[in-house]
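Below: one structure, written as structure tokens.
Derivation of every value follows stated rules applied to the coordinates shown; laboratory data play no part. It should be emphasised that the depicted structure is a prediction, and the values quoted were computed from it without experimental measurement. Don't worry about glycine lacking a Cβ; one is built from the backbone with ideal geometry, like all the others, and counts go over all protein chains shown.
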Amino acid sequence: TKPGYEWAELIGMAILSSLNQELRLDQIYDWISGQFSCYNIAESSWKDSIRRSLSRNHAF
């Protein structure tokens, strides 16, 4: 089952968990897949959603 978070929330949680609050895209993927096993690192569909959220959300 997938967590009840929006993509931007997952991205924000990943970034805030890092020491300097900066992550590369691959590090965001790693954090999300490490915290939520439903997001398999080998699958690309959710990664596309992360990229779209990063490009469309002015907070990032």
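Key figures for this structure:
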{"quantity": "The stretch 1-48: GluC sites (Glu not before Pro) in DSSP coil with no more than 12 other Cβ atoms inside 10 Å", "calculated": "Glu6, Glu22, Glu43"}
{"quantity": "Cut-off 13 Å between beta-carbons: net charge of the residues surrounding Ile41, Lys and Arg +1, Asp and Glu -1", "calculated": "-2"}
{"quantity": "Reduced Cα scattering model of the chain, Debye log10 I(q)/I(0), q = 0.12, 0.16, 0.20 Å⁻¹", "calculated": "-0.24, -0.44, -0.71"}
{"quantity": "Trypsin sites (Lys or Arg not before Pro) restricted to DSSP loop in the chain with at most 14 other C-beta within 10 Å", "calculated": "Arg24"}
